[in-house]
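Remarks on the structure that follows.
The values are calculated or read from the model by the stated rules, or taken from the named source; none is laboratory data. Quick caveat, the model's predicted, so the values are computed rather than measured. Glycine also receives a Cβ, built like all others from the backbone with ideal geometry; neighbour counts cover every protein chain displayed. Side chains included, ligands, DNA and RNA excluded: accessible areas come from the protein's heavy atoms. Shrake-Rupley method; radii C 1.70, N 1.55, O 1.52, S 1.80 Å.
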Amino acid sequence: MSWPIRTENLSKTFRGVAAITDLNLQVPEKGIYGLIGPSGAGKTTAIRILMNIIRARSGRAEVLGVDSTRLSPRELASIGYVADGQDLPGWMTVEYFLSYLKPFYPTWDDSLAAELLREFDLPRDRKLSHLSHGMRMKAALASSLAYRPRLLILDEPFTGLDPLVRDELIEGILPASEHATILISSHDLNDIESFISHVGYLDRGRLLFSEQMTALAGRFREIEIVLDGGAPSQPAWPAGWMNIERSGDLVRCVDSQFEGGRTLTEIHRVFGEVRHVEARPMPLRAIFVTLAKAARKEA
Amino acid sequence: MRQALHIFRKDVRRLWPEISIVQATTAGLAFAAGPQTSWGTALSLLTYLLPVAWCALIARLVYSESPAADQSFWVTRPYSRTSLLAAKALFAAVFVNLPKFAADVVILRAYGFPILPEMGGLLWNQVLLASVVVLPVAALCTVTTGFVQLITAVVVIGLATAGWSMVIGGTGAGVPWFALEWTRSYSAGLVMVLAALSIITWQYLRRDTARSRFAAGGAVVSVYLVLAFLPWTAAFALQSRLCRQTVDVSRLQVGFDPEMKWAARSLVYRDGTVDVQIPLRIIGAPAPLQLKAEGITASIEGAGGDVWRSGQPPITLRSAGELNSLHASLDSAFYNRVKDHPVRIQGSLYLTLYGNARTAMLPIRDQAELLPAPGVGLCSATRTGRQIFLNCRAAFKTEPGIVTLDLIGRHRFVIGAPAERLQSLSYPRPISYCPFPSDGNLIPVTQFTQAAEIANSWASPTVIRTTAFEPVAHVRKDFQINGLRLADFEPAENRK
């Protein structure tokens, strides 16, 4: 399997404060990888290192098989990058912006650019500085999709956008980047959970996990156990149980390593006979809230 | 190259208002600097406005793809960095250098200078414009993200410079070097240009703003150090090497001038310092060369072995007409130890020898008629009533050398009276020994006017003769003076 994005022990500090620590990230080819984490987790820092906007203190990052510090115009012509807060040349009209960028990209597709403008409902003759935030993001995205990039990196693209614009962007991104690998960061899973194939959770600069969405959803369960009265008051909790709450005979927890039979065996090992066990699948949002809480508790 | 032109066209489209302002200001300067206009105030204003307009244009140019701004859109686009740098260089050449070149040509033509012989000055002016304005401003802009940071940097550098000047002013290290000043300016300029080139290249190719800012700070400090601590003697040695003529100075001798003993001084001040002046006699100059003392280094050794050493020239030399003196500021403790016994003074006198006299005869007319005066420029001699005016213009720089002016005329009432020198005038002008063909002034023509009143009615000057001597050698002559007793030079009231 090839990895359009791969990092090894990537670290970065800002004035002595660690922004990311030993980040090992692998984004699979043609996957849509969601990099999730609270604000300040290090997502933007990681992405900026990948794009060679800033330099890592240690470790290395490879993008499209090239050390990120050596990204040349050849690689950049295959990468689309859109970030919240990116400075666009406000004096350019939407149309001129696209026509200015066109000669930089050998794979530029005029018909796709026109289609994107139409789909995003972008006014061709309006200056970028006169566009709303959402429209600017659309313009940036259109300018980054029109050459059919092999890799699309989106850093918090939906921040500050209303749901309608967000949906329009998603609808624009997916068909236009059918054969592309996408790395998208967000602090809100709701924004991206509907279309990502892989997810990584970054907290305080550390990648807590990175896996396929289906696997993640499969291994997290909310467990509710009704005890049979004779259970120990201070049991040794199995590894992988999180957010454990106990109220009399009722125990609630999240099992992050759920496997039907194995989990049941664990429950019996801890509590002996129980009256009732229920394992409910969790929505992704609940999984991340659980992880975030656990991470904070550990810290 | 195609990408560079693409970026260039974008910058032209973006910056046309700024380009228009620079072109209008440059054109205004070319017009206002002409000899026929009386736009003195406008010209003064334009000489300030044009550099500001250049700086603003360069800043806008760099900031349109700022290497220091991480969020700038171009950073993640497939720009070839060399194309980007080439586009910016092309823009500066086309909209800053080229118009200034054209303005220089217009001004030179307006003042009657032929263009082809002045091509060296025209081109060197462009080098200086790039070195003093374009590169440093561009370098500063590549390490800042916008005008706020740029102005902050300029203010910080300005304050640091003012502070440094105050500190250095107190030590005497910053005294002007006059004709040798160019060595200091060019040394500092070279540091600045090398640093600017490195920073610009590094920033465009690597975008390493932290290191580049550090380098910029280091460059500013280096410029301060060069300006303050470059030894005058090293500058003089460089100047000597640049003179290709060899002059035999074996007979040249420097010693105490007993005929000028009255000018020797040992002045004791209440603050504990003692000013000693020793008049020097210089003999044996190779004829027909003229001498000019530029500086002196010396040591004074007392009988007990106490030694005082002078600082760097030129403050160690006092010149008044033909009189050249060693000027030593001693502390009173040293002075008191050595003053009553003969001392030994050893040192080196740094001299410029002038020769290759070239003369021009300029007829005095009622209407100005420009004629070439070698070593001076284009000159006209005119008469208004009893006033005689010599008006000279020099392109790009005043040629280094000594110029004498003689008013030549005949006796009015004696038929067949021979022409004779009626009056001599001085011709004060700042000169530089700089070997390069331009001083880099914003207006490429400098003018000097000398006026003389006809003193008597029986003779009337008809011609002004200019004689220009050019520097042919810069030599160091070592000397030793023995047996002087410094106390002998104290004024009578001090000795009481």
**Report entry** Tally, over segment B:28-46, of residues that are hydroxyl-bearing (Ser, Thr, Tyr) and within 15 Å of B:Pro99 (Cα to Cα)
**Finding:** 0
Report summary line: Those residues of segment A:17-39 that are more than 13 Å from A:Thr7 (Cα to Cα) and in contact (Cβ under 8 Å) with a residue 12 or more places away in the chain come to a total of 13
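Among residues belonging to segment A:95-113 that are open to solvent by 40 Å² or more (accessible area, probe 1.4 Å) and touching a Lys or Arg at 6+ places or on another chain (Cβ under 9 Å), point out the one that is nearest to the other protein chains (Cβ to nearest Cβ).
Here is the first cut: in segment A:95-113, the ones open to solvent by 40 Å² or more (accessible area, probe 1.4 Å) are A:95, A:99, A:102-103, A:106-107, A:110-111.
When the remaining residues are screened for being touching a Lys or Arg at 6+ places or on another chain (Cβ under 9 Å), the result is A:95, A:103, A:107, A:110.
Numbers: A:Glu95: 13, A:Pro103: 5, A:Thr107: 11, A:Asp110: 17 Å.
The qualifying residue nearest to the other protein chains (Cβ to nearest Cβ) is A:Pro103.
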Query raised in the report: Restricting the search to segment B:106-119, which residues are of a type outside the set (Val, Ile, Thr) and more than 11 Å from B:Ala395 (Cα to Cα)?
Result: B:Ala110, B:Leu116
Query raised in the report: Which one is modelled with the highest pLDDT, of the residues in segment B:143-169 that are open to solvent by 70 Å² or more (accessible area, probe 1.4 Å) and over 30 Å from B:Ser72 (Cα atoms)?
Result: B:Leu159
Query raised in the report: Can you tell me which of B:Tyr354, B:Tyr350 is in contact with a Phe, Trp or Tyr (Cβ under 6 Å, 6 or more places away or on another chain), open to solvent by 10 Å² or more (accessible area, probe 1.4 Å) and in a strand (DSSP E or B)?
Result: B:Tyr350
Query raised in the report: Taking segment B:4-17, which residues are touching a residue at least 40 places away in the same chain (Cβ under 8 Å) and either among the hydrophobic types (A, V, I, L, M, F, W, C) or open to solvent by 40 Å² or more (accessible area, probe 1.4 Å) (or both)?
Result: B:Ala4, B:Leu5, B:Ile7, B:Phe8, B:Val12, B:Arg14, B:Leu15
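Kindly indicate whether A:Pro123 is within 10 Å of another protein chain (Cβ to nearest Cβ) and in a loop (DSSP other than H, G, I, E, B).
Working: within 10 Å of another protein chain (Cβ to nearest Cβ): no; in a loop (DSSP other than H, G, I, E, B): yes.
Judged against the criteria, A:Pro123 is not a match.
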Report summary line: Given (1) part of a strand (DSSP E or B); (2) farther than 30 Å from B:Arg465 by Cα, B:Phe334 misses just (1)
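Mind counting the residues in segment B:71-89 that are touching a helix residue (DSSP H, G or I) at 6+ places or on another chain (Cβ under 7 Å) and within 10 Å of chain A (Cβ to nearest Cβ)? Can you show your working first?
Here is the first cut: in segment B:71-89, the residues touching a helix residue (DSSP H, G or I) at 6+ places or on another chain (Cβ under 7 Å) are B:76-81, B:83-88.
Next, from what is left, pick out any that are within 10 Å of chain A (Cβ to nearest Cβ): B:76-81, B:83.
Result for segment B:71-89: 7.
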Report task. Have a look at A:Arg118, A:Arg55 and point out the one that is without any contact (Cβ under 8 Å) to a residue 60 or more places away in the chain, within 14 Å of chain B (Cβ to nearest Cβ), farther than 28 Å from B:Arg2 by Cα and open to solvent by 50 Å² or more (accessible area, probe 1.4 Å). Result -> A:Arg55
Query raised in the report: Does B:Thr25 satisfy the condition of being within 29 Å of B:Phe113 (Cα to Cα), more than 14 Å from chain A (Cβ to nearest Cβ) and either in contact with a Pro (Cβ under 7 Å, 6 or more places away or on another chain) or without any contact (Cβ under 8 Å) to a residue 12 or more places away in the chain (or both)?
Result: no
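For every residue, the table says whether it meets (1) in contact with a Gly (Cβ under 8 Å, 6 or more places away or on another chain); (2) closer than 30 Å to B:Leu45 by Cβ.
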| position | (1), (2) |
| --- | --- |
| B:Gly440 | no, yes |
| B:Gln447 | no, yes |
| B:Ala451 | no, yes |
| B:Ala459 | yes, no |
| B:Thr462 | yes, no |
| B:His474 | no, no |
| B:Phe479 | yes, no |
| B:Asn482 | no, no |
Report summary line: Subset of segment A:154-165, residues of a type in the set (A, V, I, L, M) and in contact with a helix residue (DSSP H, G or I) (Cβ under 6 Å, 6 or more places away or on another chain), comes to A:Leu161, A:Val165
Query raised in the report: How about segment A:79-93: which of its residues are touching a Ser or Thr at 6+ places or on another chain (Cβ under 8 Å), more than 18 Å from A:Asp155 (Cβ to Cβ) and more than 7 Å from every other protein chain (Cβ to nearest Cβ)?
Result: A:Gly90
Requested in this report: Would you mind telling me which numbered condition in (1) hydrophobic (A, V, I, L, M, F, W, C); (2) away from every other protein chain (no Cβ under 14 Å); (3) open to solvent by 10 Å² or more (accessible area, probe 1.4 Å) A:Val66 fails?
Outcome: (2)
Requested in this report: Report yes if A:Ala279 is part of a helix (DSSP H, G or I), open to solvent by less than 70 Å² (accessible area, probe 1.4 Å) and of a type outside the set (Val, Ile, Thr), otherwise no.
Outcome: no
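Tell me, which strands (runs of 3 or more DSSP E) wholly within segment B:247-331 include 3 or more residues that are of a type outside the set (Lys, Arg)?
Numbers: elements: B:253-256, B:265-268, B:273-283, B:290-301, B:307-309, B:317-320, B:323-331.
It comes to B:253-256, B:265-268, B:273-283, B:290-301, B:317-320, B:323-331.
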Requested in this report: Considering every residue within segment A:196-205, establish whether at least one is open to solvent by less than 40 Å² (accessible area, probe 1.4 Å), in a strand (DSSP E or B) and of a type in the set (Phe, Trp, Tyr).
Outcome: yes
Report summary line: Over segment A:19-29, the set of residues open to solvent by 10 Å² or more (accessible area, probe 1.4 Å) and either out of contact with any strand residue (DSSP E or B) (no Cβ under 9 Å at 6 or more places or on another chain) or assigned to a loop (DSSP other than H, G, I, E, B) (or both) is A:Asn24, A:Glu29
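Identify, from the list B:Leu123, B:Leu108, the residue that is away from every other protein chain (no Cβ under 14 Å), over 19 Å from B:Ser212 (Cα atoms), in a helix (DSSP H, G or I) and open to solvent by 30 Å² or more (accessible area, probe 1.4 Å). So that I can check it myself, show each step before the final result.
On the way: B:Leu108 fails: open to solvent by 30 Å² or more (accessible area, probe 1.4 Å).
Going through B:Leu123, B:Leu108 in turn, just one is away from every other protein chain (no Cβ under 14 Å), over 19 Å from B:Ser212 (Cα atoms), in a helix (DSSP H, G or I) and open to solvent by 30 Å² or more (accessible area, probe 1.4 Å): B:Leu123.
Can you work out which of the residues in segment B:449-487 that are in contact (Cβ under 8 Å) with a residue 60 or more places away in the chain and either aromatic (Phe, Trp, Tyr) or outside any strand (DSSP E or B) (or both) is surrounded by the most Cβ atoms within 10 Å (Cβ to Cβ)? Steps first, please.
Step one: list which residues in segment B:449-487 are in contact (Cβ under 8 Å) with a residue 60 or more places away in the chain, which gives B:449-454, B:461-487.
Then keep just the ones that are either aromatic (Phe, Trp, Tyr) or outside any strand (DSSP E or B) (or both); that gives B:454, B:469, B:479, B:485-487.
Working: B:Ile454: 17, B:Phe469: 21, B:Phe479: 20, B:Arg485: 14, B:Leu486: 25, B:Ala487: 15.
The extreme case among them is B:Leu486.
Taking into account only those residues within segment B:307-316 that are without any contact (Cβ under 8 Å) to a residue 40 or more places away in the chain and open to solvent by 50 Å² or more (accessible area, probe 1.4 Å), which is farthest from B:Asp478 (Cα to Cα)? Outline the logic, then answer.
Residues of segment B:307-316 that are without any contact (Cβ under 8 Å) to a residue 40 or more places away in the chain, as a first pass: B:307-310, B:316.
Adding the requirement that they be open to solvent by 50 Å² or more (accessible area, probe 1.4 Å) leaves B:307, B:309.
Details: B:Val307: 18, B:Arg309: 15 Å.
Checking each candidate, the answer is B:Val307.
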